[in-house]
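Reading through the structure tokens given below for one structure.
The values are calculated or read from the model by the stated rules, or taken from the named source; none is laboratory data. It should be emphasised that the depicted structure is a prediction, and the values quoted were computed from it without experimental measurement. As a convention, Cβ positions derive from the backbone with ideal geometry for all residues, glycine included, and neighbour counts pool all protein chains shown. All accessible areas refer to the heavy atoms of the entire protein, side chains included, with ligands and DNA or RNA removed. Shrake-Rupley method; radii C 1.70, N 1.55, O 1.52, S 1.80 Å.
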Amino acid sequence: MSLLAKKQSITEFAANRIMARINELAAISESSHCLTRRFASVEHRRANDLVATWMRAAGMSVREDAIGNIVGRYEALDSDSAPAIMMGSHLDTVINAGRYDGMLGLLSALACVESLYESEHRLPYAVEVIGFADEEGVRYQSTYLGSRAVTGHFDTAVLERVDENGVSFSDALQNFGSDVRDIPKAQRKPEDIHAYLELHIEQGPVLENKDQAVGVVSSIAGATRLIVKLTGLAGHAGTVPMNMRRDALVAAAHCVTLIESYCSGQQGLVGTVGWMEAKPGAGNVIAGDVEFSVDIRAASNDLRGERVQTVVNEITTLCQQRNIVVEIDFVHEAESVDCDQGIMQCMQEAMSLHGISALTLPSGAGHDAAAMAALTKIGMLFVRCKGGISHHPDEFTSRDDAVAGANVLMQTLINICKVPA
Ligand code: HGY
Ligand code: MN
Ligand code: MN
């Protein structure tokens, strides 16, 4: 097959569409002044429908699975039941997001299939492109909902949750056009998926510091997310003496600095309190109830587990001393995972074919590939992003870097096909 014999890139036509589509998807937002697109929202529906039209135009059959992942399939050369190389990323965003996080990976994967379709080539494997429904976990506090449904590890705890407007997960999925009882049908068989590849912006400074457009990911850090609820006693800000207060907000403030100190000082160990809500939330009332998030990550599962336990113990002790009732919910747990050595090799060869020096780096951010590792072998490519900024509207990747990443992804796809099954 001549295709496998020579260096492959995405077509100029496909390259031109990546950035235009980044902007089209960025316009589909719950807010008129920033990009926010959450799971099972009207905007998620619009984004899925738009991506489906692009997939069909690239010669793919399209389906939406029961959790709301959008999946395109480009059949193999000799069979319509060949195992698939799956590629993609997530279509949901954080609040006030950048436009490349998730979308660049999906659109780069789509560009690879478009290039095959336009040149009328097919591979020994089918190629599936997937837009995952929920990787960020913003609406229901549980990340990887889409990819975990595909691997059969859907987090059923999320079924009990309601969003900030009191909409239950089940109702949200019902309104989206699916049914929670069908979620198990989204699971794929290991024999049907040969590998999963994900291209993603780095969301960090390493590639920019090395003046390199693309890098190969070696591992994906694990994460533990908690929700902490503190209950003290609300009271009059003017009349309750300081030594007689059960101020939940002061206790929370001490918890935040405690988390910072126990999650500092070790390479790759990070701890973050991303949101906090104090009630009743009036300036002249002592806060009786506070809820906040905790996100702790480390390259090593042991270090993360040990620090999570320390933080839980220290928060519990602090609250006892302050006569504050504390409740800690573990809402998300993901192990650190290593990328497949064989796929990394295919990526490194693809990089050198495209004149990019081999560079591997770990991922501190979580990605759907971490979840997909439970089903199949995984590989990830990082593309440079300006200043390493992400989860922010200033997130930016240049067209040249996006095309370089898509070319390496295309060549990786070809290289994997050359490896004897
Ligand atoms: O939080 C993360 O690491 C990813 O962006 N969801
Ligand atoms: Mn993200
Ligand atoms: Mn992402």
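Roughly speaking, to the nearest percent, how much of region 222-334's 1.4 Å accessible area is carbon and sulfur?
So the carbon and sulfur contribution to the accessible surface is 52 percent.
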| query | Counting only heavy atoms of protein chains, what accessible area per residue, in Å², does region 222-334 have with a probe of 1.4 Å? | reply | 52 Å²
| field | Extension gain (nm, one decimal) between Asn284 and Arg56, 0.36 nm per residue minus Cα-Cα | value | 76.3 nm
| remark: Counting only protein heavy atoms and rolling a 1.4 Å probe, one gets per residue an accessible area for region 1-111 in Å² of 36 Å²
| said: If DNA, RNA and ligands are ignored and the probe is 1.4 Å, what is the ranking of Phe132, Phe13, Phe396 by accessible area, most exposed first? | reply: Phe13, Phe396, Phe132
| query | So how tilted is helix 42-57 from the main axis of the chain? Cα-based, degrees 0 to 90, rounded to 10. | reply | 10 degrees
| query | Put a dot 7 Å past each Cα toward the Cβ at Gln321 and His153; how far apart are the dots in nm? | reply | 3.7 nm
| field | Cut-off 15 Å, label 7 Å out along Cα→Cβ of Asp211, residues of region 378-421 by amide N | value | none
| remark: Charge dipole of the chain built from unit charges on the beta carbon (Lys, Arg +1; Asp, Glu -1), centred at mean Cα; most positive-end Cα among Leu91, His121, Gly281 is Gly281
| query | Ignoring ligands, DNA and RNA, what percent of the 1.4 Å accessible area of region 363-421 is carbon and sulfur? | reply | 56 percent
| field | For region 170-265: rounded, prolate or oblate by the Cα gyration tensor [a/c cutoff 1.5] | value | oblate
| According to a simple spin-label model (label point 7 Å from Cα along Cα-to-Cβ), what is the distance in nm between Val162 and Asp329? | 1.2 nm
| Taking the Cα centre of region 1-81 as the origin, how large is its charge dipole in debye, to the nearest 20, when only Lys and Arg (+1) and Asp and Glu (-1) carry charge on their Cβ atoms? | 220 debye
| query | So, by mean Cβ neighbours within 10 angstrom, what's the order for 273-285, 364-376, 209-221 with the highest one leading? | reply | 364-376, 209-221, 273-285
| query | Taking Cα centroids, how far is region 136-203 from region 312-352 in Å? | reply | 19 Å
| said: Shape verdict for the chain, please, from the Cα gyration tensor: rounded (a/c under 1.5), prolate (a/b greater than b/c) or oblate. | reply: prolate
| request: Calculate, in nm to one decimal, what Trp275 and Ser32 gain on full extension: separation in residues at 0.36 nm each, minus their alpha carbon distance. | output: 85.3 nm
| remark: Among GluC sites (Glu not before Pro) in region 94-178, those in a DSSP loop whose Cβ has at most 10 other Cβ atoms within 10 Å are Glu120, Glu164
| task | Enumerate by residue number the GluC sites (Glu not before Pro) in region 15-111 meeting two conditions: DSSP loop (anything except H, G, I, E, B), and at most 15 other Cβ atoms within 10 Å of the site's Cβ. | result | Glu30
| field | Fully extended contour minus Cα-Cα distance, from Val256 to Asp394, at 0.36 nm per residue | value | 47.0 nm
| request: Could you look at region 1-143 and say what percent of its accessible area is carbon and sulfur, using a 1.4 Å probe and all protein chains? | output: 51 percent
| query | Where is the GNM fluctuation largest for the chain (alpha-carbon springs, 10 angstrom cutoff): Ser398, Ser147, Ser89? | reply | Ser398
| request: Kindly state, to the nearest 0.05, the FRET efficiency for Glu118 paired with Ile95, given R0 = 41 Å and r defined as their beta-carbon distance. | output: 0.65
